[in-house]
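Each remark here refers to the structure printed beneath this line.
The values are calculated or read from the model by the stated rules, or taken from the named source; none is laboratory data. Because the structure is predicted, anything quoted here is derived from the model rather than measured. Using ideal geometry, Cβ is built from the backbone for each residue, glycine included, and neighbour counts are taken over all protein chains shown. When the accessible area is computed, the model is the full protein with side chains, heavy atoms only, and any ligands, DNA or RNA have been set aside. Shrake-Rupley method; radii C 1.70, N 1.55, O 1.52, S 1.80 Å.
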Amino acid sequence: MTRPQPVPGEVITAQYKGVCTRTGQPYPAGTRIARDEFGYYRADVPDPGGDIRLSGGSGYDCDGWRIGEVVWHEPWNAETQTRDPGHALVITRASRRYIREDGLSFGVGDDNGYLYSALARRATPEEAAPLIARREASLQALERRRRHDEGLRQLFQATQADGEIPGGHHRLIEGRRLKIGAGFTIYGGGEELHVEPGAQVVWHLRNNGMDGDFWGANNVATGGAGAIGVRLPVTPERHAFLSEFYSSWNGAQADEDEGDTL
């Protein structure tokens, strides 16, 4: 015979060990507990409050929340169909439930998976400060990446009037190699820059060694199928770009797998 669940708020004695949904900490068998919509909690723990509800499904790339976690929340405005300005929240309650079937109907975002729920309150300025600092650093990094990519398109492509794709097959051994992102990959993709000795000429190299690429267009040796290299003078604009995004770009020679990564 199945033992009926206690009504919400009814205090009972735990027959088994569990995890308190108000603190996130385990409790042993014999603990006085009660139940609410988030599960069982120690009866001696006061309600942590929180009037902001959050929910999400694992099929929507939601990983749930942890009690005490400070998160950034940008609520959806149904009237304007946009997100309102964000603010920091402190998670006070959290739970998850596994949906075995028909998950799309429950908000999981997939046929099956986890459905997460949480209660939260507004964070104090002191609680929000570390999260805000991390967000600002991340936004600055994204802006730096945007400016890098824009400068790369404007200054280092084959369409530049002062750029040339030299014929023949060149081995760029002397000089300094600078990775763009992760640089060349083992699969024949990726981009790099190569600064010739004297820092007066820079090459933009696009690895062209993937299956389906036309290897006959390659003019620079890479150790693989090769790359397409565009040779460009280091103009004041390119000098400024390299100085901003690649430290020591005009320094001593470095091995090919060294250099600076943005």
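Values computed for the structure shown
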quantity: Positions within the range 106-131 being polar (S, T, N, Q), over 17 Å from residue 94 (Cβ atoms) and either out of contact with any Gly (no Cβ under 6 Å at 6 or more places or on another chain) or part of a helix (DSSP H, G or I) (or both), in sequence order; calculated: 124
quantity: Scan of the range 152-168 for residues that are over 14 Å from residue 238 (Cβ atoms) and either open to solvent by less than 60 Å² (accessible area, probe 1.4 Å) or assigned to a loop (DSSP other than H, G, I, E, B) (or both), ordered by number; calculated: 158, 159, 165, 166, 167, 168
quantity: Residue selected from the range 112-130 under the condition touching a residue at least 40 places away in the same chain (Cβ under 8 Å) and in contact with a helix residue (DSSP H, G or I) (Cβ under 7 Å, 6 or more places away or on another chain), by the criterion farthest from residue 42 (Cα to Cα); calculated: 113
quantity: Selection from the range 49-71 of residues that are open to solvent by less than 50 Å² (accessible area, probe 1.4 Å) and in contact (Cβ under 8 Å) with a residue 60 or more places away in the chain; calculated: 49, 50, 52, 54, 56, 70, 71
quantity: Residue satisfying condition, being open to solvent by less than 60 Å² (accessible area, probe 1.4 Å), over 23 Å from residue 64 (Cα atoms), among the basic types (Lys, Arg) and touching a residue at least 40 places away in the same chain (Cβ under 8 Å), within set 171, 176, 93, 144; calculated: 176
quantity: Scan of the range 184-211 for residues that are assigned to a loop (DSSP other than H, G, I, E, B) and surrounded by fewer than 19 Cβ atoms within 10 Å (Cβ to Cβ), ordered by number; calculated: 185, 186, 187, 189, 196, 197, 198, 199, 200, 210, 211
quantity: Residue under evaluation residue 98, criteria (1) touching a Leu at 6+ places or on another chain (Cβ under 7 Å); (2) open to solvent by 80 Å² or more (accessible area, probe 1.4 Å), criterion not met; calculated: (1)
quantity: Residues of the range 1-48 classified as outside any loop (DSSP other than H, G, I, E, B), without any contact (Cβ under 8 Å) to a residue 24 or more places away in the chain and surrounded by 11 or more Cβ atoms within 10 Å (Cβ to Cβ), total; calculated: 8
quantity: Selected residue (criterion: modelled with the highest pLDDT) from residues of the range 62-82 that are more than 24 Å from residue 113 (Cβ to Cβ) and not aliphatic (A, V, I, L, M); calculated: 68
